[in-house]
Amino acid sequence: MRAAMAEAEVGDDVYGEDPEINALEAEVAGLLGHEAGLFCPSGSMTNMLGVRTLVPAGAELLCDSLAHVVRAELGGHAVLGQVTTRTWSAPRGLLEADQALALATPDAGPYLVSTAAIAVENTHNFGGGTVQPIGELRRLRSGASDLGIAVHLDGARLWNAHVATGVPLADYGACADTVSVCLSKGLGAPVGSVLVGSEERIRVARVWRKRYGGGMRQAGVLAAAGRYALQHNLSRLAEDHARARRLAETVAAVDPALCDPAAVDTNIVPIELPTDGPHAPEIAAATAEHGVLVSVLGPRRLRLVTHLEVDDEGVAHACSVLTDVLAGLLASTA
Ligand SMILES: Cc1ncc(COP(=O)(O)O)c(C=O)c1O
């Protein structure tokens with residue numbers, strides 16, 4: 001990847017003159033079956049630009065209450081896009097199209113906020129790497145079209161859903177008006193996300209990208225990393241999924257209440273700690289002492305993630321450390 005970055009031919013992308021970026025945008029749009037793409041520094045920016053092209057100021061975006069767009073983009077859709085949001089509750093972030101559609105109030109007149117779009121996340125990060133069923137995504141797409149509202153797909157980890165299910169990327173792409181994908185997560189590029197949509201939407205998003213300060217110049221070195229990642233690191237995501245299942249089974253062997261291996265669809269393993277035991281930061285600090293880094297998502301919630309820098313040996317080490325730390329700390333508070 002570093003060699004591909006070093007060899008990249010570059011130009012000024014604000015003028016559309018960077019060949020690597022132009023190629024990456026066309027490739028990702030092609031994979032997802034959309035007309036055009038836009039390279040951005042982050043998934044937060046591609047989400048904000050996608051939603052911005054679908055939802056006018058003062059109108060609303062619907063999404064589930066665990067969605068990254070409402071939990072982890074620091075209010076960007078409200079602060080920068082003047083968008084209001086309303087949420088439905090979904091265990092594991094799993095989409096039920098009828099539940100989402102039932103919330104929609106398009107053309108609500110002068111009294112209620114009008115719904116302009118629904119956002120769906122695939123795979124679902126805070127849900128625990130959940131894959132959205134393609135049938136539900138299609139139902140959402142068709143119901144939203146009937147209501148005259150749009151769909152944005154936050155596909156930061158859409159690659160994982162594709163590899164886990166075999167559903168073609170273009171089939172997922174067909175379920176949304178705009179799709180955001182990240183090159184920087186399991187695919188292993190250092191930075192970069194791509195928004196895809198119609199030529200017209202991407203033309204508008206390109207203007208807003210510059211306005212938000214996201215117009216980059218000779219950034220082809222970054223696009224080259226993304227293109228390398230797509231060519232070399234996509235199919236290997238299956239290894240991350242298998243390693244995540246190993247981790248989940250190991251944690252469940254300590255106590256089945258901590259984690260349900262059957263609910264681990266991809267590369268994310270959520271751990272729910274009992275309310276009368278140690279807090280999540282305590283566990284994370286204890287595993288970190290043995291070189292195993294675990295995210296703390298709440299006082300009782302931890303998240304394990306596998307990726308291309310965690311090999312079989314690393315997972316074996318993590319399994320042994322997690323078993324010792326979890327069993328030790330849970331026993332000490334029992
Ligand atoms: C589902 C989802 N969407 C969007 C993002 C935002 O990506 P970035 O960190 O590149 O802004 C993330 C980041 O973790 C994510 O998990």
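The values are calculated or read from the model by the stated rules, or taken from the named source; none is laboratory data. Fair warning: this is a prediction, and the values are worked out from it, not measured in the lab. In this analysis, Cβ positions are derived from the backbone assuming ideal geometry, glycine residues included, and neighbour counts consider all displayed protein chains.
Residues of region 156-171 include none that is of a type in the set (K, R), modelled with pLDDT of 95 or more and away from the ligand (no atom under 15 Å from the Cβ). Can you name the residue in region 29-65 that is in a strand (DSSP E or B) and under 16 Å from P106 (Cα atoms) and, of all such residues, is farthest from the ligand (Cβ to nearest atom)? Going through the qualifying residues, I end up with E60. Could you please let me know if H68 is buried (at least 22 other Cβ atoms within 10 Å of the Cβ) and either within 24 Å of L297 (Cβ to Cβ) or touching a residue at least 24 places away in the same chain (Cβ under 8 Å) (or both)? No; evaluated as a whole, the condition is false for this residue.
Applying the set (1) outside any strand (DSSP E or B); (2) over 15 Å from the mean Cα position of the chain (by Cα) to T85 leaves exactly one unmet item: (1).
Yes or no, residue by residue, for (1) within 18 Å of D154 (Cβ to Cβ); (2) surrounded by fewer than 19 Cβ atoms within 10 Å (Cβ to Cβ); (3) out of contact with any Asp or Glu (no Cβ under 7 Å at 6 or more places or on another chain):
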position: L80; (1), (2), (3): yes, yes, yes
position: R86; (1), (2), (3): yes, yes, no
position: R92; (1), (2), (3): yes, yes, yes
position: A108; (1), (2), (3): no, yes, yes
position: V113; (1), (2), (3): no, yes, no
position: A116; (1), (2), (3): yes, no, no
position: N122; (1), (2), (3): yes, no, yes
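Mind counting the residues in region 88-131 that are part of a loop (DSSP other than H, G, I, E, B), among the small types (G, A, S) and within 16 Å of the ligand (Cβ to nearest atom)? Final tally of qualifying residues: 4. In this structure, G192 does not satisfy being more than 19 Å from V55 (Cβ to Cβ), modelled with pLDDT under 95 and buried (at least 16 other Cβ atoms within 10 Å of the Cβ).
The set of residues in region 191-211 being in a loop (DSSP other than H, G, I, E, B) and touching a Gly at 6+ places or on another chain (Cβ under 9 Å) consists of V191, G192.
Return the total of residues in region 137-163 being over 14 Å from the mean Cα position of the chain (by Cα), crowded, with 18+ Cβ neighbours inside 10 Å, assigned to a helix (DSSP H, G or I) and not basic (K, R).
The total comes to 5.
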